[in-house]
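Undergrad: Can you read through this structure? Questions will come right after.
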């Protein structure tokens, strides 16, 4: 595998928070999704969020990523210019934050089938104003680093599930995202392909000093992360350090 584009060398991971939250609550009608959750994600670390369906794990991811506002509590993101209160931002500012500083990988990928592989990966850069040639050059570097050199002109329907998820991983990070959120990134894959995808995801995030939040039902996926949080009824009921 070739070197990742624009990779920054880091002799050691700094132990300050990339993302933190205090007292998060969220209810949908009478259903409580989060009941006072505190959270911390250090720079270069990975956290797996586990729990039964309805435990609040996806809601927690969405609140941390600024997709959903909590009813109470705050989320703080460490930027080069100082801490940023994500919950205090308006929708336009949160959308910009998600587009420029956060990356997302979902179970189904949400790749655009009408675009080629390289166009899918380059799209976030072009939406941010980059010239097509520059965006595609950067995208090509990510594809090569993730083992997909030569696949640039293919359509998504011509890829295997594992290949499509690696395209999604490339797209999630092509803008230089410092925090990547992955919601069941291996949920639709077989066990062998799951290992390959997690290798790609971990290597391209925490392996480069970036931070990763993974929602998963898979114990083996969770064990690849540095910490595992277990939710039940909107509360963290267990936390374990795995490495």
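Undergrad: Hey, residue 220 hits all of (1) within 27 Å of residue 34 (Cα to Cα); (2) without any contact (Cβ under 8 Å) to a residue 40 or more places away in the chain; (3) outside any helix (DSSP H, G or I) but one; which does it fall short on?
TA: (3)
Undergrad: Right, next: Only one of 155, 227 is farther than 27 Å from residue 77 by Cβ, touching a strand residue (DSSP E or B) at 6+ places or on another chain (Cβ under 8 Å) and modelled with pLDDT of 90 or more; which? Break it down into steps so the answer makes sense when it comes.
TA: On the way: 227 fails: farther than 27 Å from residue 77 by Cβ.
Only one candidate qualifies: 155.
Undergrad: Look through 21, 35, 48 and report the one residue that is more than 19 Å from the chain's Cα centre (by Cα), at negative phi, at pLDDT 95 or above and not in a loop (DSSP other than H, G, I, E, B).
TA: Numbers: 21 fails: more than 19 Å from the chain's Cα centre (by Cα); 48 fails: more than 19 Å from the chain's Cα centre (by Cα).
After applying the criteria, what remains is 35.
Undergrad: Can you name the residue in the range 84-110 that is modelled with pLDDT of 90 or more and in a loop (DSSP other than H, G, I, E, B) and, of all such residues, is surrounded by the fewest Cβ atoms within 10 Å (Cβ to Cβ)?
TA: 90
Undergrad: Could you check how many residues of the range 147-182 are in a loop (DSSP other than H, G, I, E, B) and at negative phi?
TA: Adding up the residues that qualify gives 12.
Undergrad: Filter the range 162-185 for residues that are without any contact (Cβ under 8 Å) to a residue 40 or more places away in the chain and in contact with a helix residue (DSSP H, G or I) (Cβ under 6 Å, 6 or more places away or on another chain); which is surrounded by the most Cβ atoms within 10 Å (Cβ to Cβ)? Working first, answer last.
TA: Residues of the range 162-185 without any contact (Cβ under 8 Å) to a residue 40 or more places away in the chain: 162-163, 166.
From the residues that got through so far, the ones that are in contact with a helix residue (DSSP H, G or I) (Cβ under 6 Å, 6 or more places away or on another chain) too are 162, 166.
Values: 162: 20, 166: 29.
Among them, the one singled out is 166.
The values are calculated or read from the model by the stated rules, or taken from the named source; none is laboratory data. Just so you know, these numbers come straight off a predicted model, no measurement behind them. Backbone-built Cβ (ideal geometry, glycine too); neighbour counts: all protein chains shown.
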